[in-house]
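A.B. asks: Just dropping this structure here.
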Amino acid sequence: MIVARTGNEAMAEAMRQINPDVVAAYPITPATEVVQLFSKFVHDGQVDTQFVPAESEHSAISACVGASSTGARVMTSTASQGIALMHEILFIASGLRLPIVICLVNRALSSPINIHCDHSDSLASRDSGWIQIFTENTQEAYDTTIIAVKVAEAASLPAMVTTDGFIISHGMERVELVDDEAVPKFLGERKIQHSLLDVDNPKTFGALDLQDYFFEHKRSEIDAMDHVLPIIEKVQDEYGKLSGRHYPLVDEYRMDDAEVAILCMGSTGGTGKVAVERLREQGKKVGLVRCRVYRPFPKEAMVAALAKAKVVGVLDRSDTMSTLGGHLYNDARSILYDSDMRPHLKNYVYGLGGRDISIEDIESIYKELFAIQKTGKVDKDIVYFGVRGE
Amino acid sequence: MAKLKELAAQKEKFVGGHRGCAGCGAAIVARQVLMAAENPVVVGAATGCLEVFSTIYPYSAWNVPYIHNAFENVAATMAGVEAGYRALKAKGKVKKDLRFIAFAGDGGTYDIGLQALSGMIERRHRVLYVCYNNEAYMNTGIQRSSATPRGAHTTTSPAGKVVPGKLQLRKNLTEIVIAHEPAYAAQATFAYWNDLVTKVRKALDADGPSFINVYAPCRLGWAYAPEKTVKVSKLSVETCIWPLYEYENGTYRISVKPKEKKPITEFLNMQGRFGHLFNWKDDVPVKEYQAEVDFIWERLLKRSEAAG
């Protein structure tokens, strides 16, 4: 079925089809609609879900942890300050190996307070042991929400699927939906080793774990993360067969003969692809790499993609506040350290607090990258693009 | 009325061998509450003494399913567990009739967990929330909480040269909970075990959220000899420092009325945390505490008389 949907509507639609056992959530701009639309599905009897309208994001994610421990399939949605308030419990969810899925709408973290898109919220939780997938458009947001549930359950790890606040969450696009019946069939039942409700075989969840065992348990969690990428590839492959839409770990666009490229995440991928087309029409060999799966980081696929270009402009919609630039830039530099093919890298931190980035902006970045290719020198490795006084 | 012989013959749901202090009140609360449960139960605990001493991996004192999430969120966690149970029960994946109990200290209830508790009751989750109230943050080493009484020495309200311990009165959390109109609310303490067991059974039978604030003397934080725990628990009722009452269907009932109301000094002078008050330049802290106790007791008498 082909419909017109905003990113929030598409994610809510995916949740309706997933029909989770429990959704515990708290509204926040720009993710409010996901929860709002879903509560309507509950009250209209379109889903069987137990809906817990919590009194804060902290309680919402805490309830998700409790619910997921019973063996229930559990989802929530939030943004910005909401995910920041959840921060403490994110680590507990992953430590307890609970496959909760969050539909996260990217929005700048305060202060200054702002409601528009950047990636500071999701990236502040990048080390929390959650799988993180950034989507480029409404269609991908819908598809990835379904994919994430299956991936999370197969990996016994929680996952967050992100859209860009307002740009995707409120932007209406053409979306192709999978049939209602196909989604539960695709997902199957959640299989669990231990349920908190198994009163005949009582288990202690969340024991105090000191010097003698903590490290082993943490190591096994890291090991679980190590096994996630093949699971994502398998599930994406199955989903491709179901929907006709095939998703990669790393989205490469016109990279085969690209001399210069940009690396980015989220909706900027779409804007960048238009810039690539325009420059290609002028005969310029440009390409684009979009990091779709961000955690765990797809090192091999990313090195293979980046190594094709001689110069890569890394576009970060966030800053690490470490004087080392953006998150993606640091990841890219790190994985290329051992690579034989090392392109020049330049970091463009852009779009904080929702400042728009246009096709022309990206064209100007490509122009700079060509200049670097010519001189073989990166004059300034980290720049703040589109900000006054730079 | 529960029969002691029957209770004692039960398989223990909270077993010994844990690392609670000798004379620990919280451990008695956990054991007595679980003894009272007639249906299978699933338990959650907030971060705190009880959580720490009962679940040091790879050991667990819990013979029932147990979950610990964090400090401030046991009410939200158990709300989620209950929601998961409802969903799975509706799908036939869970067959048994289960009950849910959240345990937290006064730190996890009166202070950091108050919001989550309020949300759990307002949303009407069928969970029994048990606060084991030892009137300070004992797990981190006896810091003041909003449950700490006037005059008590704690490590963040120390008995100093110019300030005699805590200056403020206790928060009346039970009344805050009652303002939510829960299905059942009560105060209890383990010296009156039958009263406590009866209340737990009523709470678990109530079709909605329930709350029991259980006074749980802490021998370390209150500074008395470990064998005196039950005696201190008893004196808290005899002095009306901890009135035993319940609230259901809009009415109050005092469940244990002391024959003779003793002055609070009999309770205070058993405990090191109040020791400085007896050498203090005036009797203001003791008088203020006594006045609070009298006020709450008189009000409770009126409310329960009004109910008949």
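The values are calculated or read from the model by the stated rules, or taken from the named source; none is laboratory data. Everything quoted here is computed from the prediction, not taken from an experiment. Cβ placement follows ideal geometry from the backbone for every residue including glycine, while neighbour counts extend to all protein chains displayed. Accessible surface is based on the protein model in full, side chains and every heavy atom, while ligands, DNA and RNA are left aside. Shrake-Rupley method; radii C 1.70, N 1.55, O 1.52, S 1.80 Å.
A.B. asks: How many nm separate the modelled label positions at A:MET1 and B:THR265, each set 7 Å beyond the Cα in the direction of the Cβ?
C.D. replies: 7.9 nm
A.B. asks: I would also like to ask the following. For region A:205-249, treating each Cα as an identical point scatterer without solvent, what Debye log10 I(q)/I(0) comes out at q = 0.13 1/Å?
C.D. replies: The Debye formula, applied to the Cα set alone, gives -0.48.
A.B. asks: Between their Cα atoms, which of B:LYS96/B:LYS231; A:LYS185/A:LYS234; B:LYS3/B:LYS231; B:LYS5/B:LYS228; B:LYS3/B:LYS257 are more than 28 Å away from each other?
C.D. replies: Violating the 28 Å limit, Cα to Cα: B:LYS96/B:LYS231.
A.B. asks: Mind checking the angle between helix A:138-155 and chain A's longest principal axis? C-alpha axes, 0 to 90 degrees, to the nearest 10.
C.D. replies: 60 degrees
A.B. asks: Next question. At 0.36 nm per residue, minus the direct Cα-Cα distance, what do B:GLU38 and B:ALA291 gain on full extension? Give it in nm, one decimal, please.
C.D. replies: Full-extension gain reported as 87.1 nm.
A.B. asks: A follow-up question, please. When we measure straight from the Cα of B:LYS199, which aspartates and glutamates land under 18 angstrom away, once same-chain ones fewer than 8 places off are left out?
C.D. replies: B:GLU6, B:GLU38, B:GLU175, B:GLU181, B:ASP207, B:GLU246, B:GLU248
A.B. asks: Give the calculated FRET efficiency between B:GLU175 and A:HIS246 to the nearest 0.05, with a Förster radius of 60 Å applied to their Cβ-Cβ distance.
C.D. replies: Calculated transfer efficiency: 0.50.
A.B. asks: Taking 8 Å as the Cα distance limit and 6 or more residues as the minimum spacing, I'd like the relative contact order of chain B as a percentage.
C.D. replies: 17 percent
A.B. asks: While we're on this one: Quick one: Debye curve from the alpha-carbon atoms of region A:250-385 only, equal weights, vacuum; give me log10 I(q)/I(0) at q = 0.11 Å⁻¹ to two decimals.
C.D. replies: Values, matching the q order: -0.33.
A.B. asks: Count, for each residue of A:42-55, the Cβ atoms from other chains sitting within 10 Å of its Cβ, then give me the mean as a whole number.
C.D. replies: Shielding by partners across A:42-55 averages 3.
A.B. asks: Nothing charged except the Cβ atoms of Lys and Arg (+1) and of Asp and Glu (-1): what's the magnitude of the dipole of chain B about its Cα centre? Round to the nearest 20 debye.
C.D. replies: With Lys and Arg at +1 and Asp and Glu at -1, about 620 debye.
A.B. asks: For region B:10-56, which GluC sites (Glu not before Pro) are in a loop by DSSP, counting at most 14 other Cβ atoms within 10 Å?
C.D. replies: For GluC sites (Glu not before Pro) across region B:10-56 that sit outside H, G, I, E and B with at most 14 neighbouring Cβ atoms in 10 Å, the list reads B:GLU12, B:GLU38.
A.B. asks: Just the number, please: percent antiparallel of the DSSP beta bridges in region A:250-385, rounded to the nearest 5.
C.D. replies: Counting DSSP beta bridges with both partners in region A:250-385, the antiparallel share is about 15 percent.
A.B. asks: Can you give the Kirkwood hydrodynamic radius of the protein assembly as shown from its Cα pairs, in Å with one decimal?
C.D. replies: Over the protein assembly as shown, the inverse of the mean reciprocal pair distance is 27.6 Å.
A.B. asks: What is the mean number of Cβ atoms from other protein chains located within 10 Å of the Cβ atom of each residue in peptide A:206-215, rounded to a whole number?
C.D. replies: Counting other chains' Cβ atoms within 10 Å and averaging over A:206-215 gives 5.
A.B. asks: Using a probe of 1.4 angstrom, how much of the accessible area of region B:1-110 is carbon and sulfur, in percent?
C.D. replies: 56 percent
A.B. asks: Another question about this same structure. Would you please give the residues with an amide H less than 5 Å from that of A:ASP164, counting only those at least 5 places away or on a separate chain, with H modeled from the backbone geometry?
C.D. replies: Correct list: A:ASN106, A:SER169, A:SER267.
A.B. asks: Follow-up. Note down the net charge around B:GLN115, summing +1 for each Lys or Arg and -1 for each Asp or Glu among other residues with Cβ under 9 Å from its Cβ.
C.D. replies: Result for the local shell: -2.
A.B. asks: To the nearest 10 Å², what's B:LYS96's accessible area with a 1.4 Å probe?
C.D. replies: About 90 Å², ignoring ligands and nucleic acids.
A.B. asks: Need the list of aspartates and glutamates near B:LYS93 for cross-linking: C-alpha distance under 19 angstrom, and skip anything on the same chain fewer than eight residues off.
C.D. replies: Result set, ordered by chain and number: A:ASP21, A:ASP48, A:GLU153, A:GLU189, A:ASP198, A:ASP200, B:GLU82.
A.B. asks: Nearest 5 percent is fine: what portion of the DSSP beta bridges confined to region A:2-242 is antiparallel?
C.D. replies: Approximately 15 percent, going by the DSSP bridge assignments.
A.B. asks: With a cut-off of at most 13 other beta carbons within 10 Å, and DSSP calling the residue loop, which trypsin sites (Lys or Arg not before Pro) in region A:127-236 qualify? Please list them.
C.D. replies: A:LYS191
A.B. asks: What are the equivalent ellipsoid semi-axes of region A:113-262, built from the alpha-carbon gyration tensor (square roots of five times its eigenvalues), in whole angstrom, biggest first?
C.D. replies: Semi-axes, largest first: 32, 21, 17 Å.
A.B. asks: For the pair A:GLN211 and A:GLU360, what calculated FRET efficiency results from E = 1/(1 + (r/R0)^6), where r is the Cβ-Cβ distance and R0 = 56 Å, to the nearest 0.05?
C.D. replies: Efficiency, from the Cβ-Cβ distance: 0.45.
A.B. asks: At 1.4 Å probe radius, can you tell me the per residue accessible area of the protein assembly as shown in Å²?
C.D. replies: Computed with neighbouring chains in place, this is 40 Å² per residue.
A.B. asks: Starting from the eigenvalues of the Cα gyration tensor, five times each then square-rooted, give me the equivalent ellipsoid semi-axes of region A:277-328, largest first, whole Å.
C.D. replies: Semi-axes from the Cα gyration tensor: 24, 15, 10 Å.
A.B. asks: Follow-up question, since we're still on this one. Against the 2.2 N^0.38 Å scaling, with N counting residues, where does chain B land? I'd like the Cα-based Rg ratio to two decimal places.
C.D. replies: 0.97
A.B. asks: Hey, another quick one. Largest first, what is the accessible-area ranking of A:THR375, B:THR55 with a 1.4 Å probe?
C.D. replies: A:THR375, B:THR55
A.B. asks: Placing unit charges on C-beta atoms (Lys and Arg positive, Asp and Glu negative, everything else neutral), compute the dipole magnitude of region A:2-242 about its Cα centre in debye, rounded to 20.
C.D. replies: 120 debye
A.B. asks: Continuing with this model, one more query. So what J values fall out for region B:190-207 if you push phi through Karplus, 6.51 cos²θ - 1.76 cosθ + 1.60 with θ = phi - 60°, rounded to Hz, Gly and Pro as x?
C.D. replies: Here the 3J(HN,Hα) series is 6, 4, 9, 5, 6, 4, 5, 4, 4, 5, 4, 5, 4, 4, 6, 7, 5, 8 Hz.
A.B. asks: A further question on this structure: Return the value, in Å² to the nearest 100, of accessible area buried between chains B and A (probe 1.4 Å, both sides summed).
C.D. replies: 3200 Å²
A.B. asks: For B:ILE67, what residues show an amide H to amide H distance below 5 Å, using hydrogens built from the backbone and excluding near sequence neighbours?
C.D. replies: Sorted by chain and number, the residues that satisfy this are A:PHE205, B:VAL43, B:GLY44, B:ALA45.
A.B. asks: From the P(r) of region B:70-173, could you give the percentage of C-alpha pairs in the tail past 16 Å?
C.D. replies: The calculated P(r) of region B:70-173 puts 61 percent of pairs beyond 16 Å.
A.B. asks: Roughly how many nanometres apart are two label points built 7 Å out from the Cα toward the Cβ at B:GLU122 and B:LEU4?
C.D. replies: 4.5 nm
A.B. asks: Give me the lysines in straight-line cross-link reach of A:LYS380: C-alpha distance below 26 Å, same-chain residues under 8 apart excluded.
C.D. replies: Those lysines meeting the cut-off are A:LYS273, A:LYS284, A:LYS285, A:LYS299, A:LYS308, A:LYS310, A:LYS346, A:LYS367.
A.B. asks: Still on this structure, I have one more. Ignore the peptide's own chain and count Cβ atoms of other chains within 10 Å of each Cβ in B:55-62; give me the average, rounded.
C.D. replies: 5
A.B. asks: Per the Kirkwood definition applied to all pairs of different Cα atoms, how many angstroms is the hydrodynamic radius of region A:176-332?
C.D. replies: Hydrodynamic radius (Kirkwood, Cα pairs) of region A:176-332 is 19.2 Å.
A.B. asks: Stretched out fully, how many nm does the piece from A:SER334 to A:ASP44 gain, at 0.36 nm a residue minus the Cα gap?
C.D. replies: 99.4 nm
A.B. asks: Enter the accessible area of B:ASP282 (Å², nearest 10), with the probe set to 1.4 Å and all protein chains included.
C.D. replies: Around 60 Å² of this residue is reachable by solvent.
A.B. asks: Okay, moving on. Rg/Rh for region B:155-308 to two decimals, with Rh computed the Kirkwood way over all alpha-carbon pairs.
C.D. replies: That ratio is 0.99, to two decimals.
A.B. asks: Run the 1.4 Å probe and let me know the accessible area of A:PHE215, rounded to the nearest 10 Å².
C.D. replies: My reading of the accessible area for A:PHE215 is about 150 Å².
A.B. asks: Would you mind checking the radius of gyration and Dmax of region A:2-242 based on alpha-carbon positions, in Å?
C.D. replies: 17.0, 55
A.B. asks: Could you look at region A:289-390 and say what percent of its accessible area is carbon and sulfur, using a 1.4 Å probe and all protein chains?
C.D. replies: Answer for region A:289-390 is 52 percent, counting heavy atoms of protein chains only.
A.B. asks: Rounded to the nearest 0.05, what FRET efficiency is calculated for A:SER110 and B:ALA90 with R0 set to 35 Å and r the Cβ-Cβ distance?
C.D. replies: For A:SER110 and B:ALA90, the calculated efficiency is 0.30.
A.B. asks: What is the sum of charges, Lys and Arg at +1 and Asp and Glu at -1, for the other residues whose Cβ falls under 13 Å from the Cβ of B:GLU6?
C.D. replies: +3
A.B. asks: What is the spin-label model distance, in nm, from A:HIS170 to A:SER220 if the labels are put 7 Å beyond Cα along the C-beta direction?
C.D. replies: That separation, rounded to one decimal, is 4.6 nm.
A.B. asks: For the protein assembly as shown, what proportion of DSSP beta bridges, expressed in % and rounded to the nearest 5, is antiparallel?
C.D. replies: Counting only bridges with both partners in the protein assembly as shown, antiparallel ones make up about 25 percent.
A.B. asks: Right, next: Would you mind putting B:171-183, A:328-340 in packing order, based on average other-beta-carbon counts within 10 Å, highest first?
C.D. replies: Highest to lowest by the protection proxy: B:171-183, A:328-340.
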